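The values are calculated or read from the model by the stated rules, or taken from the named source; none is laboratory data. Bear in mind that the values here come from a model prediction, so they are computed numbers and not experimental data. Quick reminder, even Gly has a Cβ in these numbers, built from the backbone with ideal geometry, and neighbours come from all protein chains shown.
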Amino acid sequence: MRRVSLRNLRAHKLRLFLTLFSIVLGTTFVVGSIVFTSSISKAFNDIFDSAAQGVAVEVTPADRQSPGVPVEVVDQLRAQREQLGIDKIVVNNSGLVTVADSAGKAIQTGGAPSIGSTWIPPQEALDPDESRIIPGGRGPENAGEIALNKSAADSAGLDVGSKTKVVIGQGNAAPLEVTVVGLIDLPTSTGGYVNAQFDAATASRLFTDGKHVGTVDMSAVEGVTPDELKERVIGALGPAADLYDVRTGDEVRADQKEQVNEFLQIFQYILLAFAAIGLVVGTFIIYNTFSMIVAQRNREFALLRAVGASRQQVSRSVLFEALIVGIIGGVLGLGIGIGLAAALKAFTAATSGLPQGDLDVGVGAILAGILVGVVVTMISAWVPAVRAARVPPVEAMRASAAEGSASLRYRTIAGAVIGIASIVAIVVGATGEGKGPAITVGLGAAGAVLAAVLVGPAASRPFVGALGRIIGAPFGAIGRLARTNAVRNPRRSAATAFALTLGLMLVAIIGTLGQSFKGTVDDAIDAGITADYILTGTNQQPIPPAVSAAAQGVPGVGEVVSFGVVQAKVEDKAEQGFAALGGRLDDVTIMDMEDGASSNLPADGMLISHRTATTKGWERGQVLTFTSATGAEVQVPIAGVYADNEALQPWVIGAAAYDRLVPPAARFDVTVFVKGEPGADLDALRTGLEDATAAFLTVQVQDREQFKGQISSQIDQMLGVLYAMLGLALLIAVLGIINTLALSVVERKREIGMLRAIGMVRGQVRRSIYLESVLISIFGAVVGVVLGTLIGVALVRTLAEWGLGAPVIPWTLIVITLVASAVVGVLAALWPAVRAARTGPLEAIADL
């Protein structure tokens, strides 16, 4: 039987190719998803693992709002170096910076950090590899020089010798004129990351008050472990040690990982979900292919049974063939999947702030290739082979195909029951009832997908039949033939469409979430902001308080209100809100008061949103005690409660309270709202604002529509990785349809030959295949869009408590998707249709 299997593979090269193709498709998607996921995770880990290299102990202030570690503490540690076992001590001062590119505009980071730090010369560095100046440059030596990481320099069009400008922190001081004297090699950085390094004296002047330093790093002499040095440093600091975080280098790296652990977990869960979807799609493509191939070979299996082969021998021969093509397809899919992961990673690196690094082809990807390529293939081949082996030889010889003839009753009933239970779960989760609404919706979504698989064949008959009458009507008999072919084998049609269903379901879910987020933003701006222009910082950077003063001097300006950030503690709980500074708040926003006679914000009081009043139990007349970062306690009375305004969440305080809570050095604004005078020329006002703020470099002037667009672009950027994964899923789905149609053409070779013999021309054959593919594709698209929209709306409902507004259904995306699915059907059918049209009538009729 082994020789029979090998000869069978050699004798049917097209069938072998199509089988391999299906395995490669399935393996590619799974391997690509896993390699991409692990590469991004490894890049994050590499960033954190490379931090604090060579550091045995690090000292930082325990209070993040603190000005830093006093210089006296650094001097004390240096004086006790020998007693404590310290080898080297290095101080590092850092802060936010904005660097101009070669065109004089701020470098766009894509959300990645833009940091200024201290240049540590190689002879002073704790880690010999820390100072990675690329040959041809050098480290900065005075206030007019910086070293810039190479990736940022390349994106900004800067090189050694380039002159540029740097804005420090919130931009309270004039931009610095600097020269790039060196490029730093930072191989493990996030895309868009900017790191400008200054000499020690300049970094201290720019980022500290001169009496403190940011961090103190030290290495240990030989024979002293980091833990021992930590204990000695704590002992040397005495009672003041409680004011500082004294950590080993390993603890520093672990803490940094923990800070972004939640984001990483969510991101990894999303990518792993795509890998799981890839496994499901790949399994269906392979299973569908083998089901068709085994069904086509029923006569061959019957002949083997008739000459003495047992059922077990027939099944083993099919499994042996599956093992061979599974190994070959798995290896090919592994290689192509790695290539796709590399392309996907390059795309996300260019469009987002995700970290960059080498591809991580781990054991998981290899095992996944083996699992999909061999195990899934053998299972997919074994199930239909066992079914075929059970058919009596004489009956199998008479039948043209056994597959697809079994009753759909029981699977349809089971699918309907699961579908009803899933819809109930989705509705319950969407209403916020039960424990974990999002989990309930997720379980309902999984059940809905399973129900779609089970009910799909039965549902395809009436849907495709009705659709075929509409689309096929202009094509007459050819249209009727295409409709008949599409509904003749509902299992095959549903399985062919399923990959497209799954991909478009995800498109609809993500599209609904994205549009709902954008809709919430648009509603918040339209319903909450009446300002003509909004001044914001580039790269989500803060802007200096001086910007509002500059805006007030522009002709045509009526009202200017800036919003400063307030971080303090209330009843030992960290709180963050805003301070409205300058003009009247209700002149630039819509203040709908629910409790309180006036929307006028008292200078020493605060107004809170309805959501804040509900969640925190605060109420008008209550006096809150705010504790500032410096320990000052400020009494702030609540003057009123306003209806939820997303532009003013969660609360705003007056100017006098802000001055007492936030020291001058820590003050910065996030936005400035500008309202023009009645009858003012808004175009001229915009020009005046741009001229007045041009020197700040970090400020951009936007109207309300542009402000919406900026936030929408940030949402699109966050969804970019998901859309890239979806593109891969849809590509696999289209290729799966091509593969299935090609196999269908092989299966119907005699039928097509008969049609050619009675007068059907090649063009008619092609059109029938096109129409059949279009019907199947639209069926899969409609099921996917309906499921995805239902699940997406439910997920939006579960996020209402976090401020997400009413669900917004992406109708444009849905229409485009449905139209595109018809186009996909035509494109997917091009090659199978051409092949079918070339079928020779006599050759096909004689073919057995």
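Counted as qualifying within the range 725-841 are the helices (runs of 4 or more DSSP H) with 2 or more residues that are in contact with an Asp or Glu (Cβ under 7 Å, 6 or more places away or on another chain), namely 749-757. In the range 487-542, the qualifying residues are those that are within 23 Å of THR817 (Cα to Cα) and touching an Asp or Glu at 6+ places or on another chain (Cβ under 8 Å), and the one that is modelled with the lowest pLDDT is ARG492. Would you point out the residue of the range 106-125, among those that are among the aliphatic types (A, V, I, L, M) and modelled with pLDDT of 85 or more, that is surrounded by the fewest Cβ atoms within 10 Å (Cβ to Cβ)? Here the answer is ILE115. When THR589, THR625 are checked against the criterion of being out of contact with any helix residue (DSSP H, G or I) (no Cβ under 8 Å at 6 or more places or on another chain) and not acidic (Asp, Glu), a single residue qualifies: THR625.
The rows are residues; the columns are (1) among the small types (Gly, Ala, Ser); (2) outside the structural domain of LYS573 (by TED's automatic domain parsing); (3) within 40 Å of the chain's Cα centre (by Cα).
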| residue | (1), (2), (3) |
| --- | --- |
| PRO602 | no, no, no |
| ALA613 | yes, no, yes |
| GLN622 | no, no, no |
| ALA643 | yes, no, yes |
| GLY654 | yes, no, yes |
| THR671 | no, no, yes |
| VAL674 | no, no, yes |
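This table checks each residue for (1) assigned to a helix (DSSP H, G or I); (2) modelled with pLDDT of 80 or more; (3) more than 29 Å from GLY780 (Cβ to Cβ).
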residue	(1), (2), (3)
VAL280	yes, no, no
THR283	yes, no, no
MET292	yes, no, no
LEU304	yes, no, yes
GLN312	yes, no, yes
SER317	yes, no, yes
PHE320	yes, yes, yes
GLY333	yes, yes, no
GLY337	yes, yes, no
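The single residue among VAL73, VAL91, VAL97 that is within 18 Å of LEU206 (Cβ to Cβ) and modelled with pLDDT of 90 or more turns out to be VAL91.
The number of residues in the range 469-525 that are surrounded by 23 or more Cβ atoms within 10 Å (Cβ to Cβ) and on the phi > 0 side of the Ramachandran plot comes to 0. If the condition is being at pLDDT below 80 and surrounded by fewer than 20 Cβ atoms within 10 Å (Cβ to Cβ), then the range 175-196 contributes LEU186, PRO187, THR188. Among the criteria (1) farther than 30 Å from GLY238 by Cβ; (2) aliphatic (A, V, I, L, M); (3) modelled with pLDDT under 90, the one ALA153 does not fulfil is (3). Filtering GLU82, GLU72, GLU141, GLU124 for residues that are among the acidic types (Asp, Glu), assigned to a loop (DSSP other than H, G, I, E, B) and under 26 Å from VAL224 (Cβ atoms) leaves a single hit, GLU124. The residues in the range 661-677 that are in a helix (DSSP H, G or I) and in contact (Cβ under 8 Å) with a residue 60 or more places away in the chain can be counted, and the count is 3.
Conditions (1) at pLDDT 80 or above; (2) buried (at least 23 other Cβ atoms within 10 Å of the Cβ); (3) more than 15 Å from ALA829 (Cα to Cα), marked per residue:
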| residue | (1), (2), (3) |
| --- | --- |
| ASN739 | no, yes, no |
| VAL746 | no, no, no |
| GLY759 | no, no, yes |
| GLN764 | yes, no, no |
| ILE769 | yes, yes, no |
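Note on the range 407-514: enclosed helices (runs of 4 or more DSSP H) holding 3 or more residues that are not assigned by TED's automatic domain parsing to the domain that holds LEU787 are 409-430, 437-472. For the range 101-115, the tally of residues that are within 28 Å of the chain's Cα centre (by Cα), of a type outside the set (Asp, Glu) and on the phi < 0 side of the Ramachandran plot stands at 9.
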